[in-house]
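The values are calculated or read from the model by the stated rules, or taken from the named source; none is laboratory data. Fair warning: this is a prediction, and the values are worked out from it, not measured in the lab. Positions of Cβ are generated from backbone atoms using ideal geometry, with glycine treated the same way; all protein chains shown enter the neighbour counts. Side chains included, ligands, DNA and RNA excluded: accessible areas come from the protein's heavy atoms. Shrake-Rupley method; radii C 1.70, N 1.55, O 1.52, S 1.80 Å.
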Amino acid sequence: MNVGILGCGTMGRLHAEMAEKCGLKVVQCSDVNSQSGKDLAKNFKAKFVKNWEDVVANKEVDIVAIATPTPLHFPMLDMAIKKGKYIFCEKPLCRTVEECKKVIQKAEKAKIKLFVGHVVRYFHEFEAIHEQIKSGKIGEVGFIKMYRGGMPPQGKNSWFRDFSKSGGVTFDCMIHDIDWLRYIFGEVKTVYCQNLIEKNCAPLDYSQVTVRMKNGVLALVIGTWAHPSGFRVKVEVCGSDGLMYYDNMETPLEVQLREQSKVSGTIVPESPVIKSPYQKEWEDFISWIKDGKEPRVSMYDALKAVEIVSACLRSAKIKQPVNL
Amino acid sequence: MVKLGIMSFAHLHAYSYAHCVNLIPEAELTAIWDDDKERGKEASKQYQTNFVEDLDKFLSLPIDGVIITSENVNHKPMAIKSAEAGKWILCEKPLATTIEDAMLMINTCKKAGVGLGVAFPCRFLTPILKAKEYIRSGKLGTILSISCTNNGSYPGGWFGDVKLSGGGAVMDHTVHVADLLRWMLDKEFDSVYCELGNQMHKGILETDDMGCLQLEMEGGIQVSHIASWNRPKSFPTWGDVTMEFIGTKGVLYLDAFNQKLNIYSDFAMKTEWGFWGDNPDLGLIQDFVNSIQEKRDPMSKGIDGLRSVEVTVFAYESYKAGKKVKIKKSKC
């Protein structure tokens, strides 16, 4: 099967690599920035195409992988569904709940396999946390604190810095943690959010979200695009009979080079494991296509995640809790 | 010589305070009173002082100041009696469990002309003093957001009895951080939204044992705070005080008690953290001794106690109302 990549930034490149690892061929790619498009094309022996529509319309392309700014997801999904492609879409599914619902309706009708990259569900450490919870090691879980983030998205013209497009750290980044909470603990009842969107200090954003699940579990999720350096993930799960804690700063490897490396693009967290979580999500997607095995993430999950983070943004605006 | 008495060893902090009094050359632990005779006698032996069973007799002794470390709801009657006897007062936190009680305590002390302090030893933690210095220096720019925790393990006993404690983890673990932020930033709290629960102890506690507060301070500073008893018995230490400050020019992360040894002992059969930082209680008690000598209020005054009680009371109000509420500040 052949893959067409839409959006040749950090994530587009990563997905191209994963597609290759899964034995697929990247045949075409597109990006408004023709330099990054051409670079990717060169690396993967693919063809750079100026208009994304041409990639989606191309008969040779079986799978469309969307890794563009969030507001572009909707038109791309719309066309890819029309053209009957298999679709891998980076999270968030769309910028609004309404767009998500339209896309799902169309995908259902056209029987399209649409996978959304809620990759945290595939991270080894999060799988391990899930396993420990299921084993009852810490008793019944009552409280979770999740923390994610670091530097604001780099690059002066990065679309992430336009919060009307990206939704800030809450919509773009914390959607991972909020999706994971829902994956493990079920539906969300209420959210309360404070973030910096209204403070007009973009690209800085710092968001603090209280999540009350329907089953009574309480969580505080913190997301930061306000740090001068680094990328941090911390998870603390508190149960009736114990507590567990994960911190991505505790790693088996520490390397420092004398020549300072330049930092550019979005930072992608790396786990030094044989199979990266990104490869795992691609394999899950491919096995859905090939064997019909339902993947870990459904498009309905992706819709729910957008619903919850949209409720967070609304809460931050009205400064009151929002019920789902 | 400043003569001090301790009223009740119901709160564990009493033991540390007693120890600190004995470390200060110009102070003397003259007597202990406790409504639990056994406990009081035992403590008097431990700290080589007198146990006085009768409260009126205790207050008629020539002691200059009292440290009140009773159950939360008993702070008020003890403080009032002590004030009327002309004693300087250092009261365990929270100052009171209601705004009315806190006001009455403050007004009684004012009328009696005695100093009233609230035991907020965190103000004397060296890493916190250093953090305050950074923030006040302007190096972080304007503070936009802060996320805090005051986690702990369930202290047991009367803490879980709402008639004596006035509330659970939110009552116990909101005031330290509320006081620190007011003091570090010189700003008040405007509003609070609170979610809480009691699942950490399988619902057997009638009080809450986990709370998550979202607050706004003057100038729109966004604060989250976890007030909890979520540390299990197997946890290496009692808990923590942490704060992450997000400023326009930088960020500061503070883990106030993270001056520790990791200890793996086959005698304990659990990992333990041995704290080696400066003892904040010593600063607290030294300031109380100084306040008596200088005839002034201790560093954390009655109004500081009141303001942090207000944050707590309105947090519970918010939970009951299911919405964010304004924190009304009482005049005193």
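Details
- Top-ranked residue in region B:99-138 [being under 15 Å from the mean Cα position of the chain (by Cα) and of a type outside the set (A, V, I, L, M); ranked as most open to solvent (accessible area, probe 1.4 Å)]: B:Phe124
- Conditions (1) touching a Gly at 6+ places or on another chain (Cβ under 6 Å); (2) closer than 13 Å to A:Met76 by Cβ; number of the one not met by A:Cys8: (2)
- Residues being open to solvent by 10 Å² or more (accessible area, probe 1.4 Å) and more than 7 Å from chain A (Cβ to nearest Cβ) - total across region B:231-240: 5
- Counting only strands (runs of 3 or more DSSP E) that fall entirely inside region B:158-242 and contain at least 2 residues that are charged (D, E, K, R), the qualifying elements are B:189-197.
- Qualifying residue in region B:271-278 (condition: modelled with pLDDT of 95 or more, within 14 Å of another protein chain (Cβ to nearest Cβ), open to solvent by 10 Å² or more (accessible area, probe 1.4 Å) and touching a Ser or Thr at 6+ places or on another chain (Cβ under 6 Å)): yes
- Enumeration of residues in region A:220-232 that are buried (at least 24 other Cβ atoms within 10 Å of the Cβ), more than 7 Å from chain B (Cβ to nearest Cβ) and part of a loop (DSSP other than H, G, I, E, B): A:Trp225
- Summed over region B:65-119, residues that are of a type in the set (Val, Ile, Thr), farther than 16 Å from B:Tyr17 by Cβ and in contact with a helix residue (DSSP H, G or I) (Cβ under 6 Å, 6 or more places away or on another chain) total 7.
- Cross-chain or 6+ apart pairs with Cβ under 7 Å, region A:190-219 first and part of a loop (DSSP other than H, G, I, E, B), then modelled with pLDDT under 95 and of a type in the set (D, E, K, R): A:Ala202/A:Arg161; A:Pro203/A:Arg161
- Checking each residue in region B:212-230 for being within 9 Å of chain A (Cβ to nearest Cβ) and open to solvent by 20 Å² or more (accessible area, probe 1.4 Å) picks out only B:Glu216.
- Selection of first residues in region B:1-23 that are within 22 Å of B:Lys37 (Cβ to Cβ) and in a loop (DSSP other than H, G, I, E, B) and of second residues that are among the hydrophobic types (A, V, I, L, M, F, W, C) and open to solvent by less than 10 Å² (accessible area, probe 1.4 Å), restricted to Cβ pairs under 6 Å at least 6 apart or on distinct chains, gives the following pairs, ordered by first then second residue: B:Phe9/B:Ala43.
- Just one of the listed residues (B:Gly141, B:Gly156, B:Gly168, B:Gly152) is open to solvent by 10 Å² or more (accessible area, probe 1.4 Å) and within 14 Å of chain A (Cβ to nearest Cβ), and it is B:Gly141.
- The selection criterion, being surrounded by 15 or more Cβ atoms within 10 Å (Cβ to Cβ), more than 13 Å from every other protein chain (Cβ to nearest Cβ) and either within 26 Å of B:Phe159 (Cβ to Cβ) or touching a strand residue (DSSP E or B) at 6+ places or on another chain (Cβ under 7 Å) (or both), holds for B:Ala256.
- The criterion of at least 1 residues that are among the basic types (Lys, Arg), touching a helix residue (DSSP H, G or I) at 6+ places or on another chain (Cβ under 7 Å) and in contact (Cβ under 8 Å) with a residue 60 or more places away in the chain is met, among helices (runs of 4 or more DSSP H) falling completely within region A:78-172, by A:97-109, A:163-166.
- Residue in region B:241-253 that is at pLDDT 95 or above, more than 11 Å from chain A (Cβ to nearest Cβ), closer than 12 Å to B:Gly152 by Cα and open to solvent by less than 10 Å² (accessible area, probe 1.4 Å) present: yes
- Each residue in region A:185-197 was checked for being closer than 20 Å to B:Ile146 by Cβ and facing chain B (nearest Cβ under 9 Å), and 5 of them qualify.
- Region A:229-243, subset at pLDDT 95 or above and over 24 Å from A:Val191 (Cα atoms), residue farthest from the chain's Cα centre (by Cα): A:Asp241
- Hits in region B:181-205 - residues which are over 25 Å from A:Ala316 (Cα atoms) and either in contact with a helix residue (DSSP H, G or I) (Cβ under 8 Å, 6 or more places away or on another chain) or in contact (Cβ under 8 Å) with a residue 40 or more places away in the chain (or both): B:Trp183, B:Met184, B:Met200, B:His201, B:Leu205
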